[in-house]
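Step one of this worksheet: look at the structure below.
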Amino acid sequence: MIKVGQYQYNIMEEQGFYKYEIGAKRNELIFGRTLINKDWKLTLENKHEFTFPHDGWNYFENLTEACAFYNIDEEEYREHLFPSLDIE
């Protein structure tokens with residue numbers, strides 16, 4: 001767990017696959033731990049079998065790494081992807 005201000009996050013829950021999509025009206029960061037496509041299944045256990053990016057997806061240990069890679073603001077996406085536990 002990490003503490004950011006009054007919030008607490010489980011950093012292990014952030015380990016997974018991220019995809020940044022740029023849209024006409026807004027951009028979106030998408031996250032998943034298991035990705036299933038008609039031609040492949042990507043999991044944390046089999047990620048070593050794939051070359052990244054894979055169909056636009058990249059693997060990161062946490063949101064901080066993903067946001068640094070995509071050069072986007074972490075706080076803009078944190079609460080949407082990983083709702084916090086208010087510890088106060």
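Coordinate-derived values only; no laboratory data. Every value quoted in this text rests on a predicted model; they were computed, and no experiment measured them. Positions of Cβ are backbone-derived with ideal geometry, glycine not excepted, and every protein chain shown enters the neighbour counts.
Every residue in the stretch 11-43 that is outside any strand (DSSP E or B) and surrounded by 12 or more Cβ atoms within 10 Å (Cβ to Cβ), please.
Ile11, Glu13, Glu14, Gln15, Arg33, Trp40
Within the stretch 44-69, count every residue that is of a type in the set (D, E, K, R), part of a loop (DSSP other than H, G, I, E, B) and surrounded by fewer than 12 Cβ atoms within 10 Å (Cβ to Cβ).
1
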